[in-house]
1. Residue check, A:Asn27 against (1) under 30 Å from A:Leu214 (Cβ atoms); (2) outside any helix (DSSP H, G or I); (3) facing another protein chain (nearest Cβ under 7 Å); (4) modelled with pLDDT of 50 or more, all met but one. Which one?
2. Return yes or no: is A:Lys280 within 21 Å of A:Asn42 (Cα to Cα) and among the basic types (Lys, Arg)?
3. Here are B:Ile159, B:Ile171: which of them is within 23 Å of B:Val213 (Cα to Cα) and more than 10 Å from chain A (Cβ to nearest Cβ)?
4. Determine, yes or no, whether A:Pro63 is more than 7 Å from chain B (Cβ to nearest Cβ) and buried (at least 24 other Cβ atoms within 10 Å of the Cβ).
5. Residues in the stretch B:459-466: is at least one touching a strand residue (DSSP E or B) at 6+ places or on another chain (Cβ under 7 Å) and assigned to a loop (DSSP other than H, G, I, E, B)?
6. Could you check B:Asn119 against (1) touching an Asp or Glu at 6+ places or on another chain (Cβ under 8 Å); (2) surrounded by fewer than 18 Cβ atoms within 10 Å (Cβ to Cβ); (3) touching a residue at least 12 places away in the same chain (Cβ under 8 Å) and say which number it fails?
7. Just to verify a result, which residue in the stretch B:286-306, among those that are at the interface with chain A (Cβ under 10 Å from one of its Cβ atoms) and surrounded by fewer than 15 Cβ atoms within 10 Å (Cβ to Cβ), is farthest from B:Gly258 (Cα to Cα)?
8. Need a quick list: strands (runs of 3 or more DSSP E) entirely within the stretch A:155-269 having at least 3 residues that are buried (at least 20 other Cβ atoms within 10 Å of the Cβ).
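The values are calculated or read from the model by the stated rules, or taken from the named source; none is laboratory data. As the structure is a computational prediction, the values presented were derived from the model and not from experiment. Using ideal geometry, Cβ is built from the backbone for each residue, glycine included, and neighbour counts are taken over all protein chains shown.
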Amino acid sequence: MKSKFFKNIAFTAIALTVAFGSISMANIADAASKLSGKIVINGSSALLPLTLQAANEFKKLNPKVKISASAAGSVTGPQAVRKGIADIGACDWDASLDVPGFKKFDGQVANKVAVIPFAAVTNSNVKVANLSTKQLQDIFSGKVKNWKEVGGSDAEIVVVNRAFGSGTRVNFQMKALDGADFMTKGDNYKEVKSSGDMKTAIETTPNSIGYMDLVYVTSKMTALKINDIAPTEANVINGKYKVWSYGYYMTKGQPTGATKAFIEYVQSKAFQNGSLKKLKFIPISAMKN
Amino acid sequence: MSIKKTIVVTALATALSVSIVGAAAAAQTQMKQAIGTQQSSLSINDAMASIRSVTLNGITYMSIRDLGNAVGVYFEVNDKGGVSAFFQGHTIELRGLSKEIVVDGAARELQYAVENVNNMYFITLSDFISAIGAESTLDGAGQVSLSTVQKVKDPSRVIWLNASSLLASVIEEEGRFDYIVDAKTGQFTELLTTTDASDLVVAPNGQTAAYSVESGAVYVIDLASKQSKAVTYDGSIKPELVWSADSSAIYFLQGDKGSVIAKLNLSDGKISKVLEDKVDYKANLSVSADGSQFHYTVIKPGAVTADSSKPVDQDDVAIDLTGTEPQVYRFDASIKDGKPEKLTATTDDKVFVGAAADGSKAFYVSAEDNKLASLVSVAKDKTIAKLIEDKDVLQAVMAGNKIYVLADGGSSEIVYEIDAATGQKKELSTVPNSVTELIVAAGAPIAIVSDGQVSVDNNGQWKKVTQ
């Protein structure tokens with residue numbers, strides 16, 4: 001027989017916590033389970049693991065929201081939003097503003113979702129642990145071609161660059177190279193299309209140098225100090241290490257419906273200080289600016 | 001505001017009964033005398049209390065002194081012609097015949113003025129509850145219960161620790177706070193405070209819980225002694241931790257893409273790979289009781305075509321989302337050189353629920369456009385069966401060999417219990433539409449999340465255990 005005991009409980013039971021302060025919004029299972037919709041997210045490969053983790057968690061609370069994600073470099077995020085084939089463009093820069101190489105995407109709103117530290121990395125056979133901004137500029141422009149010119153062994157430097165359109169590339173150029181240009185061709189020059197490809201290239205190419213999100217750094221490579229500052233989360237938060245950016249979810253205007261709910265989930269304290277940190281991103285609230 | 005401790009409690013009792021009042025206060029206070037009082041029965045903090053009450057103009061008022069004594073309020077006469085009440089670190093000032101009270105220095109208004117009857121102060125129950133920040137419930141029999149137990153506020157996650165305790169986690173900017181909550185009273189004690197711990201995963205033996213930190217290290221905390229011990233300092237990312245049935249090992253997905261299934265032995269801290277098949281974005285790992293059968297989902301990102309040689313403003317980008325729906329996989333580690341098997345290939349969206357303890361079936365919520373979300377099982381032989389398809393499934397969670405389902409019942413939601421072995425469905429109850437989540441564990445009562453607050457089934461009554 002069907003139990004009715006739940007019905008006997010008066011849900012008029014009220015928490016009258018008025019006097020001792022405001023009633024803060026509960027953050028457990030805020031999302032309405034009946035929320036439905038379809039969200040397509042495209043763009044930054046750096047943000048893809050975070051997006052998929054968030055989608056998996058969000059869907060447990062909202063099984064009727066379908067979330068599909070893809071990545072092919074940051075610029076394809078706001079492009080896909082502008083074209084109307086994605087609801088969210090994951091991008092490693094604020095694409096509502098002009099940045100070197102890219103004009104702003106009019107009408108798009110940048111929703112901060114994470115802090116992404118970037119690191120200059122070398123193959124583990126390289127015996128250099130620190131480079132100055134000038135040395136990095138010279139290496140990535142092709143002016144310095146041998147590791148011995150910057151204190152390393154006598155070996156030709158292999159420069160691995162991300163393809164045009166990468167948010168990591170935009171940020172590395174702006175913040176590690178101080179806006180200086182990259183070399184674009186040469187015998188010891190490679191371009192890769194994703195963070196994963198960069199990781200593989202650096203791990204397997206002796207004497208190589210490249211750059212990537214800190215989260216992708218492995219024990220098979222060296223993350224370089226830049227101007228004697230190590231690329232650590234602590235140094236990003238305390239302002240000493242400058243090569244980082246916010247990760248953004250770009251939307252066409254202010255987000256609504258399921259898209260809004262998903263972005264709010266990613267921005268929630270629980271996700272920011274839980275799964276996002278576990279994936280080695282930095283919560284947006286950690287930054288003072 | 002400093003509290004004048006020099007005034008003794010006896011002065012207070014006097015003030016509350018107004019047998020002696022200062023001249024100024026007496027002048028202000030117009031007593032209503034010779035009105036008969038009744039005794040009202042209230043459940044206060046799970047104990048019955050007899051409270052004097054009066055009815056004036058159809059409104060029932062209760063003795064402030066009786067209510068205060070029952071909940072543990074400390075009273076003092078103040079120099080404003082009234083009394084100050086001290087309760088749980090707060091100060092409330094009130095006066096006879098006045099609607100105004102001052103809470104922690106801020107004035108606010110009661111619905112009804114405090115009455116002075118037969119030399120005693122009386123207040124309506126709702127105003128008293130409001131003033132001290134208590135919670136009240138009214139059961140089906142009309143019994144009012146009042147609780148002043150301080151509860152965990154705004155937990156981000158609540159799970160069962162055992163049949164009588166819950167684990168409530170509060171995440172703030174400054175860190176993470178995990179509390180053990182008494183499931184009957186809501187009283188709580190701190191278990192763990194950290195800046196970078198993951199969600200705690202309770203061992204099947206109920207004695208320990210595991211968590212990872214940002215560095216990748218895994219710790220196990222003893223729930224009784226509250227002492228944590230590192231079991232590995234391995235730096236790899238571990239998105240999910242899953243206990244073995246005998247609580248001797250922890251399985252985890254390894255790497256930011258969850259590509260590898262690994263096993264961490266607690267006795268020696270050694271990590272071994274269970275499966276490394278170069279398939280990224282595994283999630284929702286489930287391990288059978290004997291540790292041989294692994295179920296998980298795999299999600300495939302969409303394929304993007306973009307020509308970076310073309311001007312950006314041409315938006316030369318295309319996304320192919322074909323085949324990106326999550327699929328359920330099974331891996332039998334007992335077969336030498338065995339390969340994972342893809343159990344599903346359907347285009348519905350899948351929210352993984354869990355797998356039977358013997359690894360014979362996995363369960364998921366299936367969602368498709370313009371259809372009710374259904375609860376589905378998939379067997380080893382890839383047979384798919386719909387366990388609930390006539391109601392919109394809002395949530396499904398597994399506890400032992402039972403699946404508990406919250407389904408849309410129209411004016412209210414329905415709670416079902418499904419036997420994972422037989423698929424037999426039992427309608428347990430109905431709950432209000434405000435319920436968004438069920439919290440279950442084998443052997444524990446059902447808890448619900450309604451309007452963000454957790455309530456536990458306590459012999460047919462919902463007892464709120466968080467704020």
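1. (4)
2. Values: within 21 Å of A:Asn42 (Cα to Cα): yes; among the basic types (Lys, Arg): yes.
Answer is yes for this residue.
3. B:Ile159
4. In short, no.
5. yes
6. Just one mismatch for B:Asn119, condition (1).
7. Looking at the filtered set, the residue picked out is B:Thr305.
8. Counting at least 3 such residues, we get A:158-162, A:208-213, A:221-223, A:244-252.
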